[in-house]
Each structure stands twice: as structure tokens, then as C-alpha cells.
Amino acid sequence: YPLSGDLAFAKGARRITPVLAHIDKWNDFLALVHPEDRMSVLKAWRSGRPGSMMDVEFRLLLDETEIDIQAIARFDAIGPTRRLRASGMMQDVSEMRGAQRQLKQHHVRLEEEVMMRARELATERNRAGQLAESKNRFLANMSHEIRTPLTAVLGLSQIGMQQSYNRKIATTF
């Protein structure tokens, strides 16, 4: 009952934690909620109006152990005095949240590996570009270095052919 602060859990709450079997006041329950989650639980609880729903996830903190909880409740005005009552269920979603956290960690690790590999590939691409540029400069220099002496040899051969009066020497040129 939100306005009076009275609270009661069904026997099934013991499956989440036996501690809940001894809780009968809202403030005692709220003391078990993880400090980082208390405001969201309070906000969801205090916004309850007849006909409205509450759906909130939070953590219970019991002796350094965290239990992830999803609570769903419907608020109704009951009886002749129209007393506000919330009834619903709480579910331990720790296993699912743990799996989601592991999946997220795995996803982050994979993203880091992809980024690292992308950096490696970019480095290798740059290195390959530098090697290609070096090869092109080498070929350009070698082409120039080979062309100049070949031009001289061809020119000398043509002169030798033209100015030689001996047919055998002209053929050699």
C-alpha cells in the first residue's frame, strides 16, 4: 500500500532471497535497493495512480551481493475508502543481465580488436604505398640511367654504320 508504506510479499519472493519474507514496510525494502537505483524505484513507486502501471528494473544489494530485479505492478483503488494498492510481481533477472553484460563486454572487445586490426591494415596500406612509390622512383631513375647510355651506343652504332667503308665492319656496327 503506497500511501501507508505497508508491504507484503508472497511466498514466491523467497525464491529471489529469503530476506524478503521478513520485509513488511516499504522503507525496509527500499533500504535493500542498490543506492544507485533508489531514485528510479522511488520515482516509479510515487508516480502510481489508480489504473497506472509500474515497470522498473533495479538491483537489490544483500551483503555485497547484487540481484537484478524487474518489478511490474498495477496500481488500483480498492474498497469503499478507495485505498491505493499496488499488486504485481518481481522477477530475478540476474542471469539474463549477467549474460547481457558478458555479451556487451564481448562486443566491446570485438570492436577494439576490429579497430586495432583496421589500424594495422591502414599502417600496412601506407607502407605498401610507400614501397610502390619507392619502386616507381627506382624504375624512373633506372629507365633514365639505362636510356642515356643506350642512346649513346645506338648513336655510335649508326655513325659507325654510316661512315664505315668496309662492309664487314658496317655489318658489325
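Quick notes on this one:
- Answer from Arg167, Arg74, Arg83, Arg147 - the residue that is at pLDDT below 90, in contact with a strand residue (DSSP E or B) (Cβ under 9 Å, 6 or more places away or on another chain) and open to solvent by 50 Å² or more (accessible area, probe 1.4 Å): Arg83
- For Met161, the stated conditions hold: it is open to solvent by 100 Å² or more (accessible area, probe 1.4 Å) and not small (Gly, Ala, Ser).
- Reported count of residues in segment 7-29, each being in contact with a Phe, Trp or Tyr (Cβ under 9 Å, 6 or more places away or on another chain), at pLDDT 90 or above and surrounded by fewer than 16 Cβ atoms within 10 Å (Cβ to Cβ), is 1.
- Here Val108 clears all of (1) outside any helix (DSSP H, G or I); (2) open to solvent by 40 Å² or more (accessible area, probe 1.4 Å) except the condition numbered (1).
- Figure legend. Inter-residue proximity from segment 90-109: first residues closer than 24 Å to Leu20 by Cβ, second residues open to solvent by 100 Å² or more (accessible area, probe 1.4 Å) and among the basic types (Lys, Arg), beta-carbon distance below 8 Å, spacing 6+ or different chains. Indicated pairs: Asp92/Arg15.
- Pairs where the first residue, in segment 1-21, is farther than 17 Å from Val93 by Cα and the second is part of a loop (DSSP other than H, G, I, E, B) and among the basic types (Lys, Arg), C-beta under 9 Å, 6+ apart: Ala21/Lys11
- Out of Thr81, Thr123, one residue alone is in a helix (DSSP H, G or I) and among the hydroxyl-bearing types (Ser, Thr, Tyr). It is Thr123.
- Answer from Met96, Met89 - the residue that is open to solvent by 80 Å² or more (accessible area, probe 1.4 Å), closer than 30 Å to Gly48 by Cα, modelled with pLDDT of 90 or more and in a strand (DSSP E or B): Met89
The values are calculated or read from the model by the stated rules, or taken from the named source; none is laboratory data. What you see is a predicted model, and the numbers here were worked out from it, not measured in a lab. For neighbour counting, all protein chains shown are included, and Cβ atoms are generated from backbone atoms with ideal geometry for every residue, glycine included. The protein model used for the area step is the full one, side chains on, heavy atoms only, and it has no ligands, DNA or RNA in it. Shrake-Rupley method; radii C 1.70, N 1.55, O 1.52, S 1.80 Å.
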